[in-house]
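Below you'll find the structure, written out as structure tokens, and then a few comments.
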Amino acid sequence: MPLLAIETSCDDTCAAVLEGPEVLSNVVSSQGIHDRFGGVVPEVASRQHLGLVAPVVEDALARAGVTIGEIEQVAVTAGPGLIGALLVGLSAAKAIAAPGRLPLVPTDHLHGHVAANFLDPEPIAPPFLCLLASGGHTLLAGVRERSGFEVLGQTLDDAAGEAIDKGARLLGLGYPGGPALESLATKGDPGAFDFPVAMSRDPGLDFSFSGLKTSLVYRCRDLGESGVEAHRADLAAGFQAAIVDQLAAKLVRALDRESWPAVALGGGVAANGPLRRSVTAICEEREVRLKLVGLDLCTDNAAMIGSAARFTEPLRYPDYLEFNAFATGERR
Ligand code: KG4
Ligand code: ZN
């Protein structure tokens with residue numbers, strides 16, 4: 001039963017074709033256009049999705065070797081995300097599903113990041129603890145069933161990816177900053193500058209990243225332009241390490257609180273090498289199974305939306321014609 005999934009919650013126009021847990025194609029067209037603005041401009045993202053969504057869907061079908069007539073279900077991200085961007089994907093999904101009276105599955109984006117772990121190869125089954133860190137969210141999810149998750153702790157201010165992007169921008173790197181910051185950090189000494197690991201004494205499972213960003217602003221101001229230029233790699237390494245250390249510390253705290261047989265990661269920041277290594281060491285020490293999906297399933301993609309849709313109630317035609325997208329909050 002081939003399923004077509006569409007994801008347009010931020011700046012990536014994504015489409016995928018799945019057959020059960022098997023990904024037949026997973027196409028991501030990233031809008032390089034936002035780099036010049038140093039971040040995503042919502043209206044620009046929506047207009048770009050309008051132009052890209054049809055060719056990206058066609059490409060996903062062609063790569064899967066599946067015709068549109070063979071698709072039996074359409075899944076789409078309903079939220080959370082940029083509302084204008086979501087509406088483009090939702091409208092496209094309705095337009096594809098309605099003529100053939102196909103079921104439509106409105107899917108939660110965060111559920112998608114968790115559900116990337118249910119895809120082939122080597123899918124993981126609940127229960128497990130999932131650290132989800134992206135540009136819009138940072139949370140610890142207790143996953144006890146495939147259809148949803150419980151939020152055990154979350155960021156009180158910026159998301160980890162948001163802090164990374166802001167830090168990268170301060171260091172003169174482009175958007176999105178994660179990959180560029182990671183690569184610059186390999187040339188630096190993480191101990192050269194002292195960055196605070198926020199919430200380390202806080203007994204809860206919440207995160208905070210805004211103070212870290214402020215401390216980088218002050219460091220850069222104190223060093224001056226030439227000082228920043230001379231120490232860019234050290235600043236990148238120290239800043240990245242403080243983010244990774246906080247994520248790892250809260251994961252350890254969650255494992256101390258409750259015994260979980262397995263750990264998984266999700267979201268764009270889960271593509272970060274130092275974070276993957278740190279979590280690997282934690283799980284090895286505790287003899288807990290670790291599931292790490294490939295980098296293409298960490299950052300936004302439609303295969304993860306198709307995966308979540310397999311465990312979400314579909315809507316029948318014509319009920320979904322009225323269905324709306326949501327920018328914030330949860331619908332699970
Ligand atoms: O999950 P995602 O693609 O989109 C959202 O749902 O937000 O996450 C994007 C975020 C960006 O902030 C980006 O800088 C970050 O993930 N990111 C990384 C890496 N690759 C992407 N952060 C650290 N290291 C990376 N290698
Ligand atoms: Zn995401």
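The values are calculated or read from the model by the stated rules, or taken from the named source; none is laboratory data. Not measured: the values here are computed from a predicted model. Heads up, the Cβs are rebuilt from the backbone with ideal geometry, glycines too, and the neighbour counts pull from every protein chain shown.
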*Within the range 223-270, considering residues that are over 18 Å from residue 166 (Cβ atoms) and within 13 Å of ligand 1 (Cβ to nearest atom), the one farthest from the chain's Cα centre (by Cα)*: 265
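Among the residues of the range 177-194, which ones are closer than 22 Å to residue 39 by Cβ and surrounded by 15 or more Cβ atoms within 10 Å (Cβ to Cβ)?
Looking only at the range 177-194, we keep the residues that are closer than 22 Å to residue 39 by Cβ, and these are 177-185.
Selection gives 177, 178, 179, 180, 181, 182, 184, 185.
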_of a type outside the set (S, T, N, Q) and away from ligand 1 (no atom under 14 Å from the Cβ): which single residue out of 139, 129 fits that description?_
129
*the range 197-227, residues that are in contact with a Gly (Cβ under 7 Å, 6 or more places away or on another chain), part of a helix (DSSP H, G or I) and modelled with pLDDT of 95 or more*: 216
*Give the range 275-289 a look and list any residue that's crowded, with 19+ Cβ neighbours inside 10 Å and of a type in the set (Val, Ile, Thr), or say none.*
279
*Any idea which of (1) surrounded by fewer than 17 Cβ atoms within 10 Å (Cβ to Cβ); (2) under 21 Å from residue 143 (Cβ atoms); (3) not small (Gly, Ala, Ser) is the one residue 265 doesn't satisfy?*
(1)
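Hey, could you check the range 124-151 for residues that are hydrophobic (A, V, I, L, M, F, W, C) and in a loop (DSSP other than H, G, I, E, B) and say which is nearest to ligand 2 (Cβ to nearest atom)?
124
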*Among the residues of the range 184-196, is any in contact with a Cys (Cβ under 7 Å, 6 or more places away or on another chain) and either at pLDDT 95 or above or of a type in the set (Lys, Arg) (or both)?*
no
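Rundown of residues vs (1) in contact with a Cys (Cβ under 7 Å, 6 or more places away or on another chain); (2) crowded, with 18+ Cβ neighbours inside 10 Å; (3) among the charged types (D, E, K, R), yes/no style:
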{"site": "224", "(1), (2), (3)": "no, no, no"}
{"site": "231", "(1), (2), (3)": "no, yes, no"}
{"site": "241", "(1), (2), (3)": "no, yes, no"}
{"site": "245", "(1), (2), (3)": "no, yes, yes"}
{"site": "257", "(1), (2), (3)": "no, no, yes"}
{"site": "273", "(1), (2), (3)": "no, no, no"}
{"site": "291", "(1), (2), (3)": "no, yes, yes"}
{"site": "294", "(1), (2), (3)": "no, no, no"}
{"site": "313", "(1), (2), (3)": "no, no, yes"}
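For the range 228-332, give me every one of the helices (runs of 4 or more DSSP H) that falls completely inside it and has 3 or more residues that are farther than 30 Å from residue 84 by Cβ and in the same structural domain as residue 212 (by TED's automatic domain parsing).
Filter on the range 228-332 gives 273-286.
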*How many of the residues making up the range 142-161 are surrounded by fewer than 24 Cβ atoms within 10 Å (Cβ to Cβ) and within 13 Å of ligand 1 (Cβ to nearest atom)?*
3
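Quick one: which residue in 8, 13 is out of contact with any Pro (no Cβ under 7 Å at 6 or more places or on another chain), under 20 Å from residue 312 (Cα atoms), within 16 Å of ligand 2 (Cβ to nearest atom) and among the polar types (S, T, N, Q)?
Result of the check over 8, 13: 8.
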*Hits in the range 79-123 - residues which are away from ligand 1 (no atom under 12 Å from the Cβ), outside any helix (DSSP H, G or I) and not charged (D, E, K, R)*: 98, 99, 100, 102, 103, 104, 105, 106, 107, 119, 121, 123
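Per-residue answers, yes or no, for (1) touching an Asp or Glu at 6+ places or on another chain (Cβ under 6 Å); (2) free of Cβ contacts under 8 Å to residues at least 24 places away in the same chain; (3) under 29 Å from residue 137 (Cβ atoms):
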position	(1), (2), (3)
183	no, yes, yes
200	no, no, yes
213	no, no, yes
218	no, yes, yes
221	no, yes, no
227	no, yes, no
231	no, no, no
240	no, no, yes
244	no, no, yes
*Just checking, how many residues over the range 21-38 are in a loop (DSSP other than H, G, I, E, B) and either closer than 15 Å to residue 112 by Cα or in contact with a strand residue (DSSP E or B) (Cβ under 6 Å, 6 or more places away or on another chain) (or both)?*
1
*Among (1) touching an Asp or Glu at 6+ places or on another chain (Cβ under 9 Å); (2) modelled with pLDDT of 95 or more; (3) over 17 Å from residue 98 (Cα atoms), where does residue 60 come up short?*
(1)
*Scan the range 56-73 and give yes if some residue there is within 16 Å of ligand 2 (Cβ to nearest atom) and either in a strand (DSSP E or B) or of a type in the set (D, E, K, R) (or both), otherwise no.*
no
